[in-house]
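Report on one structure; see the data block that follows.
The values are calculated or read from the model by the stated rules, or taken from the named source; none is laboratory data. Model, not experiment: these values are computed from the prediction. Here the Cβ positions follow ideal geometry from the backbone for every residue, glycine too, while neighbour counts run over all protein chains shown. All accessible areas refer to the heavy atoms of the entire protein, side chains included, with ligands and DNA or RNA removed. Shrake-Rupley method; radii C 1.70, N 1.55, O 1.52, S 1.80 Å.
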Amino acid sequence: MDNTLINEIKLFVIETLNLEDITVDDIDADSPLFNEGLGLDSIDALELGVGLQKRYGIKLQSDSAENRQHFASINALAQFVSAQRSN
């Protein structure tokens, strides 16, 4: 996976959620975004979903079981954005 895109997604998460005192280097790309990882919650997921639509033009289906996979980690989110860009 392209490190530039991974860092871009990390920065996107930090900016979208106004995560204070967290830098790109603080986020492990393989760590879970929710629960034990960054500790995000369902409200954060909604904000990220809206942010993805605004920044990347990606539309998520609210009832899609795949959303959980897309938001599993920074790497998973970067792969999803990359795949959507090439469609």
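A few points about this structure:
- Residues of region 54-87 classified as in a helix (DSSP H, G or I) and open to solvent by less than 90 Å² (accessible area, probe 1.4 Å), total: 13
- Taken together, the residues in region 1-39 that are among the aliphatic types (A, V, I, L, M) and open to solvent by 70 Å² or more (accessible area, probe 1.4 Å) amount to 2.
- Test: residue 43 is open to solvent by less than 60 Å² (accessible area, probe 1.4 Å) and in a helix (DSSP H, G or I): no
- Neighbours by Cβ (under 8 Å, 6+ apart or cross-chain): first from region 42-71, free of Cβ contacts under 8 Å to residues at least 40 places away in the same chain and closer than 20 Å to residue 19 by Cα; second part of a loop (DSSP other than H, G, I, E, B) and charged (D, E, K, R): 53/59
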